[in-house]
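Enquirer: Pasting a structure here, questions to come.
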Amino acid sequence: MNRKLPKPPLTVDLHADSFLTDYDQYDSDELLLESLDRLRETLDAAIYWEYTEIKFIHGRGKGILKQEIYRLLDDYKYSGAISHYYPSYQNEDIVIVMIGV
């Protein structure tokens, strides 16, 4: 099988400063969109690579990123692309996404 998507890490930090070198050039709305794009890209790759789970770090802050992540994950769940998701019992700043269970 010829795989084209890069294999994502098992835990993905969605804070912009962890994946953008020029994050200070973005406004807050743009940073939110970049983080959601990062979630889509890595979750799609995890589904492609048939992961059973992947973790996303969203942090605390004002909770805007967390709300948007959960909204996006609801769409994935509704479409059947993921099984379910839940906050980590050990760290509520992390959401665990179950893919093929």
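Read-outs: derived from the displayed coordinates by stated rules, not from any lab. Here the structure is a predicted model, which means the values were calculated and not measured. Cβ coordinates were reconstructed from backbone atoms using ideal geometry, including for glycine residues, and neighbour counts include every protein chain displayed.
Enquirer: Using the number of other C-beta atoms within 10 angstrom as an exposure proxy, rank Tyr86, Tyr51, Tyr70 with the fewest first.
Expert: By the 10 Å Cβ count, ascending, the order reads Tyr86, Tyr70, Tyr51.
Enquirer: Relative to the longest principal axis of the C-alpha atoms of the chain, give the angle of the C-alpha long axis of helix 64-79, reported between 0 and 90° and rounded to the nearest 10°.
Expert: With both axes taken from Cα atoms, the answer is about 20 degrees.
Enquirer: Would you mind telling me the antiparallel percentage of the DSSP bridges in the chain, rounded to 5?
Expert: Once the DSSP bridges in the chain are tallied, antiparallel ones form about 75 percent.
Enquirer: Something else about it: For the chain, which span is the longest to avoid every loop-located (per DSSP) member of trypsin sites (Lys or Arg not before Pro) having at most 13 other Cβ atoms inside 10 Å?
Expert: 5-59
Enquirer: Nothing charged except the Cβ atoms of Lys and Arg (+1) and of Asp and Glu (-1): what's the magnitude of the dipole of the chain about its Cα centre? Round to the nearest 20 debye.
Expert: The dipole magnitude comes to about 500 debye.
Enquirer: Of the candidates Asp44, Asp13, Asp27, which one comes out as most mobile in a Gaussian network treatment of the chain with C-alpha springs shorter than 10 Å?
Expert: The residue that fluctuates most here is Asp27.
Enquirer: Still on this structure: Taking the Cβ-Cβ separation of Ile96 and Asp22 as r and a Förster radius of 41 Å, what is the calculated FRET efficiency to the nearest 0.05?
Expert: Given R0 = 41 Å and the Cβ-Cβ separation, E is 0.85.
Enquirer: Helix 28-48 versus the longest principal axis of the chain: what is the Cα-based angle in degrees, 0 to 90, to the nearest 10?
Expert: 10 degrees
Enquirer: Please report, to two decimal places, log10 I(q)/I(0) for the range 11-98 at q = 0.20 Å⁻¹ as given by the Debye formula with identical point scatterers on the Cα atoms and no solvent.
Expert: Values, matching the q order: -0.93.
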